[in-house]
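Have a look at the structure below before the remarks.
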Amino acid sequence: MSIAQELLKKIEDQITQVSLGDSFTKKWTVLEIKDGVATVIWLDTVSFSEIVLFENNSKWLVLDLNKDTVWVLILWDYSTLNQWDTVSATGEVFSVGVGEEYLWRVLNGLGEPIDGWAAITTAHRMPVERIAPWVITRQWVDQPMLTWIKAIDAMIPIGRGQRELIIGDRQTWKTTVAIDTILNQQWQDMKCIYVAIGQKESKVRRIVETLKTEWAMDYTIVVSAAASDPSVTQYLAPYIWCALAEYFMYNGQDALIIYDDLSKHAVAYREVSLLLRRPPGREAYPWDVFYLHSKLLERSARVSAEYIEKITNWKIKGKTWSLTALPIIETQAWDVSAYIPTNVISITDGQIFLETDLFNAWIRPAINVWLSVSRVWWAAQSKIMKKVSWKLKLSLAIYREMAAFAQFASDLDESTQQVLFRGKRMVEMLKQWVNAPIQFQKQVVLIYAGINWYLDVLEVDDILWFEAQLYEKLATSHKSLADKIIADKTLSEDIEEQIKALLNELAEERAAV
């Protein structure tokens, strides 16, 4: 017998002695490790999104199933992993701990505390990947989620259960608008989650300090999948924390989640996909990048208690509960027609577009009224706000067009001058500084004054004085009017007469100065 035949005989004997039991089908070998992605061979019983365990007890997530190999994402440190190490199946679907224990905490993208406090233990777990509520189980988005930002609550109202995109170039206060929205949920019984994706750690620290200063951390969770973190962590973070936000919704509460931002999230997914050797498409993004964000944002909804009890078996009180999403997208030179912005615009229920030119002109928030829209519109506004603000957006849009035209004209007719005269006062009226919430009842009276030309008697520089005096009177001598607006939420004849009396009183005081 030749040497080759002897060698072949030994190999055949070894093959016949191999047991095809669980020890063979559930133990695999690492073929290659690179940048948080591992290639595993001899894998035939694992499922998509299953957790597998490495020899050093590190956990991996199965993300791609091929004919002969499986691609897995390494969720923790992989510096001690080696080629040909053994991997074991766990049979567990990727899930996370959920509960109110996470409130007031600052965590990384995978749920580990980074605030120096103790580890978190929870009684419940929820799967990270979850099917969004069906259309037939969703309820109408007709309950307002007030941001207490005048321009948004009046012209681009957000409803509970809505997905409203915040979009614009860098340094246009996109994050500031989102954080102000969190600050203003303190009196609205809303749990908030802020997910920073690919952001600087210094920026996240400033946000945490702001939330602590304003006592907003009592109902808020801050998550930081920083720019220095692996792309795997940045990719998984939104899904992990969406599961926690769903826990609040399914437990009979309203929740708000902010993704800051999804353009960096798409870049992280592109890196992961290229490591997984998926073919690149438009702008080098993989073909399923649209599905990446749609399966995330579609999980935001307003659902009934009956639906929650059906899928969770949790007995809750109430009628409807919601998960509201405010994704953020950063554009390049106002290019809203780029690949990722158009994808997310088509998924969401409207967008708030922040314009650089307006921001540089000290018009803040720098909302472009032409490109900004809320597709639920008046359904997410109270009756009194609808009544006083129904023509504000159109009037402001006409003013912006007239102002752009007027800079090239030397002789303007009287009607155009009147539009510009009143438009300047409306713009000044809607300006609002950072961390300066304007309560609902105050917004109503101020916008009523602007729409009904009570500001015509004032110089533009006097609008700020008028606004401060108006708020002071609503808090003191006319507090009964403010209380009645909050209670009734309709523009009755009695309320309108009291508003007119207050505005006339202010006008007389200004004339006497």
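For the range 35-67, how many residues are at pLDDT 80 or above and not in a strand (DSSP E or B)?
5
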- Query: In the range 353-361, is there at least one residue being within 26 Å of the chain's Cα centre (by Cα), aliphatic (A, V, I, L, M) and not in a helix (DSSP H, G or I)?
  - Reply: yes
Listed by first then second residue, the pairs whose first member lies in the range 375-395 and is in a loop (DSSP other than H, G, I, E, B) and hydroxyl-bearing (Ser, Thr, Tyr), whose partner is at pLDDT 90 or above and open to solvent by 70 Å² or more (accessible area, probe 1.4 Å), with beta carbons under 9 Å and at least 6 positions apart or on separate chains, are Ser382/Lys489
Subset of the range 424-468, residues closer than 17 Å to Glu509 by Cα, open to solvent by 50 Å² or more (accessible area, probe 1.4 Å) and assigned to a helix (DSSP H, G or I), comes to Tyr454, Val457, Asp461, Leu464, Trp465, Ala468
Worksheet item: Looking at Tyr250, is it among the aromatic types (Phe, Trp, Tyr), at pLDDT below 90 and buried (at least 17 other Cβ atoms within 10 Å of the Cβ)?
Response: yes
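If you check Arg375 against the conditions, is it under 23 Å from the mean Cα position of the chain (by Cα), of a type in the set (Lys, Arg) and surrounded by 15 or more Cβ atoms within 10 Å (Cβ to Cβ)?
Values: under 23 Å from the mean Cα position of the chain (by Cα): yes; of a type in the set (Lys, Arg): yes; surrounded by 15 or more Cβ atoms within 10 Å (Cβ to Cβ): yes.
Against the criterion (under 23 Å from the mean Cα position of the chain (by Cα), of a type in the set (Lys, Arg) and surrounded by 15 or more Cβ atoms within 10 Å (Cβ to Cβ)), Arg375 qualifies.
Yes or no: Thr176 over 30 Å from Tyr339 (Cα atoms) and either crowded, with 24+ Cβ neighbours inside 10 Å or within 18 Å of the chain's Cα centre (by Cα) (or both)?
On the way: over 30 Å from Tyr339 (Cα atoms): no; either crowded, with 24+ Cβ neighbours inside 10 Å or within 18 Å of the chain's Cα centre (by Cα) (or both): yes.
In short, no.
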message: Within the range 185-192, does at least one residue satisfy the condition of being charged (D, E, K, R) and farther than 26 Å from Ala333 by Cα?
response: yes
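For (1) small (Gly, Ala, Ser); (2) free of Cβ contacts under 8 Å to residues at least 40 places away in the same chain; (3) open to solvent by 20 Å² or more (accessible area, probe 1.4 Å), each residue gets a yes or a no:
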position	(1), (2), (3)
Ile193	no, no, no
Glu201	no, yes, yes
Asp229	no, no, yes
Thr233	no, no, no
Leu244	no, no, no
Ala266	yes, no, no
Pro286	no, yes, no
Looking at the structure I just gave you, is Ser79 under 29 Å from Arg270 (Cβ atoms), within 32 Å of the chain's Cα centre (by Cα), among the polar types (S, T, N, Q) and modelled with pLDDT under 80?
no
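Step by step: first the residues of the range 330-352, then only those that are outside any helix (DSSP H, G or I) and either touching a Phe, Trp or Tyr at 6+ places or on another chain (Cβ under 9 Å) or of a type in the set (Ser, Thr, Tyr) (or both), then the one that is surrounded by the fewest Cβ atoms within 10 Å (Cβ to Cβ). Which residue is that?
Only one residue fits best here, namely Ser337.
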Going through the range 471-507 in order, the residues found to be outside any loop (DSSP other than H, G, I, E, B), closer than 25 Å to Ala380 by Cα and either open to solvent by 40 Å² or more (accessible area, probe 1.4 Å) or among the hydroxyl-bearing types (Ser, Thr, Tyr) (or both) are Tyr471, Asp483, Lys484, Ile486, Ala487, Asp488, Glu493, Asp494, Glu496
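Quick check on the range 103-111. Is at least one of its residues at pLDDT below 90 and out of contact with any Pro (no Cβ under 9 Å at 6 or more places or on another chain)?
Yes, the conditions are met somewhere in the range 103-111.
Filter the range 408-423 down to residues that are open to solvent by 70 Å² or more (accessible area, probe 1.4 Å) and either in a loop (DSSP other than H, G, I, E, B) or in contact with a His (Cβ under 9 Å, 6 or more places away or on another chain) (or both), then give me how many there are.
From the range 408-423, those open to solvent by 70 Å² or more (accessible area, probe 1.4 Å) are 408, 410-411, 413-415, 417-418, 421; that's our starting set.
Narrowing further to those that are either in a loop (DSSP other than H, G, I, E, B) or in contact with a His (Cβ under 9 Å, 6 or more places away or on another chain) (or both): 408, 410-411, 413.
Within the range 408-423, residues that are open to solvent by 70 Å² or more (accessible area, probe 1.4 Å) and either in a loop (DSSP other than H, G, I, E, B) or in contact with a His (Cβ under 9 Å, 6 or more places away or on another chain) (or both) number 4.
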By residue number, the members of the range 410-449 that are under 26 Å from the mean Cα position of the chain (by Cα) and among the charged types (D, E, K, R) are Lys431
Subset of the range 368-389, residues within 23 Å of Ala325 (Cβ to Cβ) and of a type in the set (Lys, Arg), comes to Arg375
If we keep only residues of the range 159-173 that are of a type in the set (D, E, K, R) and within 24 Å of Ile340 (Cβ to Cβ), then the residue most open to solvent (accessible area, probe 1.4 Å) is Arg170
Taking the range 95-111 and keeping residues in contact with a Phe, Trp or Tyr (Cβ under 9 Å, 6 or more places away or on another chain) and under 23 Å from Glu55 (Cα atoms) leaves Val96, Leu110, Gly111
Restricted to the range 100-158 and to residues being closer than 30 Å to Ala436 by Cβ and aromatic (Phe, Trp, Tyr), the residue surrounded by the most Cβ atoms within 10 Å (Cβ to Cβ) is Tyr102
Q.
Among the residues of the range 398-407, are any part of a loop (DSSP other than H, G, I, E, B) and surrounded by fewer than 18 Cβ atoms within 10 Å (Cβ to Cβ)?
A. yes
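Within the range 333-342, how many residues turn out to be touching a residue at least 60 places away in the same chain (Cβ under 8 Å) and not aromatic (Phe, Trp, Tyr)?
4
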Just one listed residue, out of Glu92, Glu101, is over 30 Å from Gln441 (Cβ atoms), part of a strand (DSSP E or B) and acidic (Asp, Glu), and it is Glu92
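The values are calculated or read from the model by the stated rules, or taken from the named source; none is laboratory data. Computed from a predicted structure; not experimentally measured. Methodologically, a virtual Cβ is constructed for each residue, glycine included, from the backbone with ideal geometry; neighbour enumeration extends over all protein chains shown. Quick note on the areas: whole protein, heavy atoms, side chains included, nothing else; ligands and nucleic acids left out. Shrake-Rupley method; radii C 1.70, N 1.55, O 1.52, S 1.80 Å.
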